[in-house]
Amino acid sequence: MGEILQYIHKDGLFHRMHPGTKIFFILVIGIMAILSLSIPFLCALLGVVLVMALAGRILREVLDQMKLILAMSVIFILITLVTMPEGDVLFHLLPGGLLPVTTGALDAGIILTLRFAILIMAFQIFVITTQPRDLVNTLEKMRVPIEYNLMFLIALRFIPTLQIEARKIHEAQLARGYSTGKGFVGRIRSVAPVMVPLVSNALSRANILGITIDMRGYRTRKRTPIREERLNMPDKVFVGVLGFALAAYIAATLLQILR
C-alpha cells in the first residue's frame, strides 16, 4: 500500500486547480455521502470520484488505499451485524442461530462502507494533488487561525514520513535476522519492536520542528507567500458544477422528505 497523505508531483487536472476549489469539492462530496441513505446513489458517487481521479491521472494512487478500505468495510459490516439485528434474517454466521445476518444490518454495513470509501478517496485526491504550502496559504486567506494551519500542516508532513520510517525500521530488523514468526500472531508481535524506535524518533523530530518554527519566526504571524494562487476559468466552471449538483441534491432530498 502506498503512503497516505503524501503529495505526488504530476501535471494533472487537479494539480492545476486552486486549493479552495478542491476544498469545496471535498465538502460537496462529503455532504452528499453523509446525508444519502441510497446504496445506488452512493455507488454512483463513488464512480464519480473514481472518474475524477482518472481525469486527474491519479487513479492508481487513489486505488492504493483499497486494502485499508476493504479492511474497514469488513469491520463496519461485522459491527452492524452485531449491533443492528433488524430486518429479515438471511443466514447465521455461527451454528445454533447465533449472529444472524439481517437485511437491515447488511444494508447499513454497505452504506457505511461506501461512505468511508468515498470520503477516503476524495480526501486522498485532495491531499496528493495539493502542496502543503499552497493549502496553508489558502487557509490563511480564509481566516483560519495560524495555530490550526500549523497543526494541519504538521499532520500532512508527519503521517507519510512516519509511515515510510516504520517500513524502513521493519526492513532493517528483517535484514538483521530478527523474526517474530509468521501469520497473524507474528504480525501482532512485530508491532512493538517498530513502535518503540518510531515513537522515539517522532518525539525527537517534534522537538527539532518546534525549534525550527521559532527560528523562522512563524509565531510573528507575518508571512510572505512564494506564489499567489488564483481562481482560473476551470476552477470557476468546476465550482459552478459542484454548486449546481449540491443544490439539486438538497432540493431532491427536501422534496422527498415533504412527500
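Values quoted throughout were computed directly from the atomic coordinates according to the rules given, and no laboratory measurement underlies them. Remember, it's a predicted structure, so these values are computed and weren't measured experimentally. Here the Cβ is made from the backbone with ideal geometry for all residues, glycine too, and neighbour counts use every protein chain on show.
Output the pairs from K10/K67; K22/K168; K10/K168; K141/K168 with a Cα-Cα distance over 29 Å in this structure; if there are none, say none.
With Cα atoms farther than 29 Å apart: K22/K168; K141/K168.
What ranking do T212, T21 get, fewest neighbouring Cβ atoms within 10 angstrom at the top? Spell out each step's value before the answer.
On the way: T212 10, T21 20.
In order of increasing Cβ crowding within 10 Å: T212, T21.
Which far-off residues, 5 or more places away or on another chain, put their amide H under 5 Å from the one on V101, with H placed in the peptide plane?
So V101 has HN proximity to L90, F91, H92, L93.
Quick one: what Rg and Dmax do you get for region 1-130 from the alpha carbons, in Å?
Radius of gyration, then largest Cα-Cα span, for region 1-130: 17.2, 58 Å.
Test of the criteria: in region 117-183, which chymotrypsin sites (Phe, Trp or Tyr not before Pro) are in a DSSP loop and have at most 13 other Cβ atoms within 10 angstrom of their Cβ?
Y178
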